[in-house]
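A.B. asks: One structure, pasted below without further comment.
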Amino acid sequence: VSVFAIHVFNALLYSSVLFLIAGGLSLIYGVMRIVNLAHGNLYALGAFVTAWAIGRAVDAGAPNVVLFALLPAGAIAAAGAGAVIERTLLRPFYKRPEEYQLLMTFGLLMILEDLIRLVWGPNPLSATNVYAALGSISIGDDRYPTYNLVIIAVGIVAAAFLWAFIYRTRFGVLLRATSQDKRMASALGVNVNRIYLQAFTLGCFMAGIGGAIVVPSQSAVLGMGVDALVLAFIVVVIGGLGSLEGALAGALIVGVVREAGISLFPEIELAVLYLIAAMVLLARPAGLFVRASR
Amino acid sequence: MSGFARVFQIRPLWRTLAWLVPVAALLIAAPYLFDPFQTLTLTYGLIAAIGALGFNLLLGYTGLLSFGHSAYFGAGTYTVAFLVKYLKIASMELLLAGSVLASAIVSVLFGYVCVRYTRIFFGILTLALSQVLWSLAFKFFWVTGGTDGLRVPTPTLLGAGPTDDKMEFLAYHYYYYVLVVFAVCVLIMWVVVHSPFGKALQAIRDNETRAEFIGIRIRRYRLIAFVISGVFTGLAGALWGPLNGLASPDILVWTFSGEIVFMTVLGGFTTFVGPIVGAVAFTYLKTYAVGFTVYWQLLLGTVLLVLVLALPTGITGAIQDATARLRRSV
């Protein structure tokens, strides 16, 4: 039983991080109709900034409380980078065909990848002090790292907040209105440019949280963004691009399949995920949670 | 009036020959003019050009942006590696035939799924499927060599074995071999895009609904275009194998597909020669950027941003616009 519980926790852990990345990607697409290929790099940016900040604090001999307080640093950095990118690079492209937007974000991917290498060098950064500080709890006969439970909690809280934000606040109404019909929203007095900026920043913030909370349990390495993006794509393809419920369901499916795959069919674990995505697309073209009419 | 028409029909031919003949002469004389390193880079460029040419049948002529062409390129390269390793085939002609067959099979399978979609979904789906191959190559290391990849030795060309000096063989014999394949590919692609089939693809690109109303079977045409495109890229992958000497999962990662997109846009996807110009230019750009700095991605990414912002029609598109403006002002 305890082994099974650990598998469940691992699947949830994985799903949490994936939801944070894919949810942001999906939100951005839902509102702005832009597939941000550089989204994974913002996740990586979050991881690197947090790892760097915590590493600095540890060197300075800061107590554990400060280290925990520094966790959100990466998310804030990713949000800031997102805001700058939207204002300077994406805004000229809203009227151009979407192929150019893809190319633009691909260029950004290359640039961000190397900027991270330029700033933090080629070696992995880690922030294991935070991970170790929480120790582990016992599940049956086995020990399980407490920090992993924190990640799961953050994922659940983030999903709940996001839901409340989008369905229960005025900003959420404006966001959904812009997503459904940009021109009508604009005609009714919504400042679409501002909504775009906020949506993109929020999406990047979520990716940043993902990177920030994951980095104490695994190191920040070059290329983590590109790998994460492909998995996030699988999630949004399964759940439906532009749907947050879909991102949540997709993240859970991918999390469970991955956890099962690692122990049952390690060689084809990734291939199975891609094939699930392809099958979902064949059966329900717009994904599980999006009505096909759009 | 008829005089005008005749002039306009004849002048483009003259203009085409005016640059085609010198370029062809330069390509033929290249091994004698440049040092082996330059010739090898040019060989890489010509191979990339075959792939980009195939890719552009989808992007420029059918209006579908694939972000998964690494799959067909990789299928070509790995087929060569497998045939050499497991069947001990040394003849390049047989290797090419095998690669064409393999990339055709992969592109029929993937294309069948992908052509149901257009625009962004097409891009994401091609990307996701290409990563299936990547993960297989990555995980089945006892077959594919994993991240180490498989060695691809120098093959025999038209029955003639490799000479002792490998550099000389690649920069001379292999160069001409690639050049001939390249010329044949350009010719075939030229015929394809100027055939009724090619015109139908352009009709689908410009207006899907109208194309359907005049009786074009959209999905079938897209699938055929997809397969031709995949086979060209697979052929490029096959030629690339012996030149690079190694088939590794790097060429299956989706960012490699991004490079194929990059070179096509660099040259200009609105013209026939655009992808060729772009592929050669990109190869030189990347070779020198990699040699110049470890941050070559930063450099190329910036080039891409500037390109997309300032020159969306690429090198050839910009030249076309400039000459058109010049002619109007004269």
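A.B. asks: Need one number: buried accessible surface between chains A and B, 1.4 Å probe, both sides summed, DNA, RNA and ligands left out, in Å² to 100.
C.D. replies: 4100
A.B. asks: Using a 1.4 Å probe on the protein heavy atoms, what percent of the accessible area of region A:30-119 belongs to carbon and sulfur?
C.D. replies: Of all accessible area on region A:30-119, carbon and sulfur atoms account for 67 percent.
A.B. asks: Roughly how much of B:TRP19 is accessible, in Å² to the nearest 10, using a 1.4 Å probe?
C.D. replies: 120
A.B. asks: If I histogram all Cα-Cα distances within region A:1-70 using bins 10 Å wide from 0, what percent of pairs lands in each bin?
C.D. replies: Computed distribution, short to long bins: 17, 28, 31, 22, 3.
A.B. asks: Let me ask you something else. Using alpha carbon centroids, what distance separates region B:54-110 and region A:193-270, in Å?
C.D. replies: Here the answer is 30 Å between Cα centres.
A.B. asks: Of B:LYS88/B:LYS166; B:LYS166/B:LYS286; B:LYS88/B:LYS139; B:LYS85/B:LYS166; B:LYS139/B:LYS166, which sit over 27 Å apart, Cα to Cα?
C.D. replies: B:LYS139/B:LYS166
A.B. asks: Something else now. Please work out the C-alpha center-to-center distance from region B:168-247 to region A:97-151 and express it in whole Å.
C.D. replies: About 40 Å separates the Cα centre of region B:168-247 from the one of region A:97-151.
A.B. asks: For region A:101-147, list whatever residues lose no less than 40 Å² of accessible surface once every protein chain is in place, relative to that chain by itself, with the probe at 1.4 Å.
C.D. replies: Those are A:LEU102, A:LEU103, A:MET104, A:PHE106, A:MET110, A:ILE111, A:ASP114, A:ARG117, A:LEU118, which lose 40 Å² or more relative to the chain on its own.
A.B. asks: Compute the length gained on full extension between A:ILE262 and A:ALA83: take 0.36 nm times their separation in residues and subtract their Cα-Cα distance, giving the result in nm to one decimal.
C.D. replies: 60.7 nm
A.B. asks: Here's something else I'd like to know. So, for the protein assembly as shown, what is the accessible surface per residue at a probe of 1.4 Å, expressed in square angstrom?
C.D. replies: Ligands and nucleic acids excluded, the figure is 44 Å² per residue.
A.B. asks: Testing the spin-label approximation: label points 7 Å from Cα along Cα→Cβ at B:ALA183 and A:MET184. State their distance in nm.
C.D. replies: Output for this residue pair reads 6.1 nm.
A.B. asks: While we're looking at this one, here's another question. Compute the whole-percent fraction of alpha carbon pairs in chain A spaced more than 31 Å apart.
C.D. replies: The share of Cα pairs beyond 31 Å in chain A comes to 28 percent.
A.B. asks: Using r as the Cβ-Cβ distance of B:LYS199 and B:ARG219, and R0 as 22 Å, what FRET efficiency do you calculate, to the nearest 0.05?
C.D. replies: In this case the efficiency is close to 0.80.
A.B. asks: Another question, if that's okay. So for region B:143-248, Kirkwood radius off the Cα pairs, Stokes-Einstein at 25 °C and 0.890 mPa s: how many µm² s⁻¹?
C.D. replies: For the chosen part, D equals 147 µm²/s.
A.B. asks: Work out which helices of chain A, taken as complete DSSP H runs, extend at least 20 Å along their axis over the Cα atoms and score a mean Kyte-Doolittle of 1.0 or more, then list them.
C.D. replies: A:2-32, A:146-168, A:192-214, A:224-239, A:244-264, A:269-283
A.B. asks: At a 1.4 Å probe radius, carbon and sulfur cover how many percent of the accessible area of chain B?
C.D. replies: 70
A.B. asks: DSSP loop chymotrypsin sites (Phe, Trp or Tyr not before Pro) in region B:108-171 with at most 16 other Cβ atoms within 10 Å of their Cβ, which ones?
C.D. replies: Filter output for region B:108-171: B:PHE140.
A.B. asks: Also, I was wondering about something else. I'd like to verify something in chain B: which complete DSSP H helices, judged by Cα projection on the helix axis, reach 27 Å or more and average at least 0.5 on the Kyte-Doolittle scale?
C.D. replies: Span-like helices, by this rule, are B:2-33, B:36-56, B:92-114, B:119-139, B:175-194, B:218-244.
A.B. asks: Let me ask something additional. Multiplying the sequence separation of B:PHE34 and B:VAL108 by 0.36 nm and subtracting their Cα-Cα distance, what value in nm do you get?
C.D. replies: Contour length minus the Cα-Cα distance gives 22.6 nm.
A.B. asks: With charges set only on the Cβ (+1 for Lys and Arg, -1 for Asp and Glu), what does the dipole of region A:1-104 come to about its Cα centre, in debye to the nearest 20?
C.D. replies: 280
A.B. asks: Over all distinct alpha-carbon pairs, what is the Kirkwood Rh of the protein assembly as shown in angstrom?
C.D. replies: Mean inverse Cα-Cα distance, inverted, gives 25.9 Å.
A.B. asks: Tell me, what is the FRET efficiency for A:ARG194 and A:ASN64 to the nearest 0.05, using R0 = 25 angstrom and their Cβ-Cβ distance as r?
C.D. replies: 0.05
A.B. asks: Can I ask one more? Can you give me the orientation-averaged projected area of the convex hull built on the Cα atoms of chain B, in nm²?
C.D. replies: 19.3
A.B. asks: As a test question: what accessible area, to the nearest 10 Å², does B:VAL273 have when a 1.4 Å probe is rolled over all protein chains in place?
C.D. replies: 40
A.B. asks: For region B:233-330, list log₁₀ I(q)/I(0) at each q in 0.11, 0.14, 0.18 Å⁻¹, using the Debye formula over Cα point scatterers of equal strength and ignoring solvent, two decimals each.
C.D. replies: -0.39, -0.61, -0.92
A.B. asks: Over chain A, with a Gaussian network built from C-alpha contacts below 10 Å, which listed residue (A:PHE19, A:PHE48, A:PHE68) shows the highest mean-square fluctuation?
C.D. replies: In the Gaussian network model the winner is A:PHE68.
A.B. asks: Using only the C-alpha atoms of region B:57-162, find the volume of their convex hull and express it per residue in Å³.
C.D. replies: 107
A.B. asks: Using a cut-off of 21 Å between alpha-carbon atoms, which lysines can reach A:LYS182, once sequence neighbours fewer than 8 places away in the same chain are excluded?
C.D. replies: Correct list for A:LYS182: A:LYS95.
A.B. asks: Next up: Of A:LEU125, B:VAL181, B:THR62, which is farthest on the positive side of the dipole of the protein assembly as shown, counting Cα position, with +1 on Lys and Arg Cβ, -1 on Asp and Glu Cβ, and the Cα centre as origin?
C.D. replies: In the protein assembly as shown, that residue is B:THR62.
A.B. asks: Next question, about the same structure. Working out 0.36 nm times the residue gap between B:VAL294 and B:THR209, then minus their Cα-Cα distance, what length gain in nm do you get to one decimal?
C.D. replies: So the extension gain works out to 25.8 nm.
A.B. asks: Taking the Cα centre of region B:169-313 as origin, sum charge times position over the Cβ atoms of Lys and Arg (+1) and Asp and Glu (-1), and report the length of that vector in debye to the nearest 20.
C.D. replies: Taking the Cα centre of region B:169-313 as origin, the dipole is about 400 debye.
A.B. asks: Is region A:1-139 rounded, prolate or oblate when judged by the Cα gyration tensor, a ≥ b ≥ c being the square roots of its eigenvalues, rounded requiring a/c under 1.5 and prolate requiring a/b larger than b/c?
C.D. replies: oblate
A.B. asks: Calculate, axis by axis, the spread of Cα positions in region A:142-242 along the three principal axes, and write the results as whole Å, longest axis first.
C.D. replies: Between the extreme Cα coordinates on each principal axis of region A:142-242 lie 58, 28, 24 Å.
A.B. asks: Quickly work out the B:TRP142-to-B:ALA18 label distance, labels modelled 7 Å from Cα along the C-beta direction, and quote it in nm with one decimal.
C.D. replies: 6.4
A.B. asks: Could you pull the accessible area for A:ARG91 with a 1.4 Å probe, rounded to 10 Å²?
C.D. replies: 60
The values are calculated or read from the model by the stated rules, or taken from the named source; none is laboratory data. As the structure is a computational prediction, the values presented were derived from the model and not from experiment. Because the Cβ atoms are built from the backbone with ideal geometry, glycine has one as well, and the counts that use them run over all protein chains shown. These area figures cover heavy atoms from the full protein model, side chains too; ligands, DNA and RNA do not enter into them. Shrake-Rupley method; radii C 1.70, N 1.55, O 1.52, S 1.80 Å.
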